[in-house]
Each structure stands twice: as C-alpha cells, then as structure tokens.
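*Asks:* This structure is in structure tokens; I'll ask about it shortly.
The values are calculated or read from the model by the stated rules, or taken from the named source; none is laboratory data. The shown structure was predicted, so the numbers you read here are calculated from the model rather than taken from an experiment. All Cβ positions, glycine included, derive from the backbone under ideal geometry; neighbour counts span all protein chains shown. These area figures cover heavy atoms from the full protein model, side chains too; ligands, DNA and RNA do not enter into them. Shrake-Rupley method; radii C 1.70, N 1.55, O 1.52, S 1.80 Å.
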Amino acid sequence: NDVTSLGGSNDAWLKVAYTLKARYLMHVGDYQGAAAAAANGIDAADGSEDMLALHGTETNRNMNLYHNLFTEFKGKQLGYASFPLVTYLENELIIAEVEARKNTVAGDNNAIAALNNTRDYLNNQFGAGNYDDLTALDFQAGGAYAGTTILQHVYNWTYLSFIGQIEGYNFLRRIDFSVDGLTPVTGSQFPLRFIYPQSERNANDNVPSPAPGSFDATPVNS
C-alpha cells in the first residue's frame, strides 16, 4: 500500500485493469474494443479509484520527481502531489473519443456527457466551479467552441489532460499530433519514437536492425 493508492481492493484493481485494456486497445485503433473495456473501467468521479504512485518526502527514494527537481535544484516548493498512473479522467476521455468518432448526433451527445464527467472530476480535484458543463450549443455558431468539432475538442482536452504523462506522447502519435495550435519547436516534424540507446542495442536481440530513428513511425502509428 506504500506504492500505489489502491491497497488491497480487488474491485478497484479490476477496474484499473479494464481501463488499461481500453488504453492499449486505443493504441492499436480498436476503438469499439476500447469502449467495451472502458465501460467496465474506473467509474469513481471523485478520484477514489484512481491508481496513483504515492510519494513521500525522501529524496532519491519516494519523492515526486517534479517536486525533487524544483526543490533540490530550483528552490521552489511544489508539494508532494501523488503521480497519476491510471485514472477516471483517462477512462472518460477514451469514452469521449470513441463516441465522437462515430460522427452521429447520439455519439456527439455521449461524447459531451463523457467530457462533462471529466470536468466534474477536475472540479472534485481542484474545487467546484472551475469547469462548467458543455452542451451541444457550445459547438454551434456563437458557442464557446464554434468552428471546433467535438472530436477535435476531445483531442485538445485529452492533450491538456495528459501533460506530464508518457501516455500523452502515445496519444499524440496515434492522432498524428492533431491538436489545435501544436507545432514543433524546431523543424517541421514531431519525433515519433524514442531512440534505442547503444546499451540496449548491444544487449537486446529484439531491437530492430538497422535501428530506427526518432522520426521513423512505429508499426501501430504508420
């Protein structure tokens, strides 16, 4: 129980497993399979079923790495906020994307409902009243997101939600970096994979040969 937030709750672990299954099915484009898994995933909007990496105050043992960076090297205090691994937020974002991809009125309404669930979750985490519910009118002429499709809004919202998590990179590669306003800092391409270090090439026979570069697409993102 000093490693994650779930303790010995079989029910909570099972829901996390379903959300993880949904995550990995999204990676390979099995959207309906992902939706079926997410339907059994984390469903507590108060964050009580989230899988978190718990952090303490001991440097080089259990301190949050972001906190360690700023306190040890920058002199700023960020607190010991636990790091999200698998959450209700991700589960609802998966549902929102799958529904928005249907490009139907019913799908759009279901996507908005899932997006509102994420906004309720954030209100529960950071204080009520920070996020208002969305409606279909928000995406019509005169609305707050007029000119933006619901699917595009899901992309943008998911990108913001995953900042600081490795899953954000997996998400961006899958959607070909189609987030409004997102451009490479240098050059005209986004990197599509991490490079294989020489130590890995020497020790792992499964590393592709020749080793791909940063801008070579992975098989699931080709």
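*Asks:* Take the conditions in contact with a Leu (Cβ under 9 Å, 6 or more places away or on another chain), surrounded by 12 or more Cβ atoms within 10 Å (Cβ to Cβ) and modelled with pLDDT of 90 or more and apply them to Phe190. Does it pass?
*Replies:* yes
*Asks:* So which of Asp216, Asp180 ends up being touching a helix residue (DSSP H, G or I) at 6+ places or on another chain (Cβ under 9 Å) and open to solvent by 60 Å² or more (accessible area, probe 1.4 Å)?
*Replies:* That would be Asp180, the only listed residue that is touching a helix residue (DSSP H, G or I) at 6+ places or on another chain (Cβ under 9 Å) and open to solvent by 60 Å² or more (accessible area, probe 1.4 Å).
*Asks:* Output the qualifying pairs, or none if there are none: Cβ atoms under 7 angstrom, residues six or more apart or on different chains, first residue in the stretch 148-164 and more than 14 Å from Glu90 (Cα to Cα), second residue in a helix (DSSP H, G or I).
*Replies:* Taking only residues 6 or more apart or on different chains, the pairs are Thr148/Phe139; Ile150/Ala100; Ile150/Asp108; Ile150/Ala111; Ile150/Ile112; Ile150/Phe139; Leu151/Ala100; Leu151/Arg101.
*Asks:* Here is a further query. Report yes if some residue within the stretch 157-165 is modelled with pLDDT of 95 or more and open to solvent by 70 Å² or more (accessible area, probe 1.4 Å); otherwise report no.
*Replies:* Yes, some residue in the stretch 157-165 is modelled with pLDDT of 95 or more and open to solvent by 70 Å² or more (accessible area, probe 1.4 Å).
*Asks:* Based on this model, can you work out whether Thr135 counts as more than 21 Å from Lys21 (Cβ to Cβ) and out of contact with any helix residue (DSSP H, G or I) (no Cβ under 8 Å at 6 or more places or on another chain)?
*Replies:* The answer is no for Thr135.
*Asks:* Could you please let me know if Leu52 is modelled with pLDDT under 90 and either of a type outside the set (Asp, Glu) or not in a helix (DSSP H, G or I) (or both)?
*Replies:* Yes.
*Asks:* Just to be sure I understand, how many residues within the stretch 79-102 are at pLDDT 95 or above, open to solvent by 30 Å² or more (accessible area, probe 1.4 Å) and either of a type in the set (Ser, Thr, Tyr) or over 14 Å from the mean Cα position of the chain (by Cα) (or both)?
*Replies:* Number of matching residues: 2.
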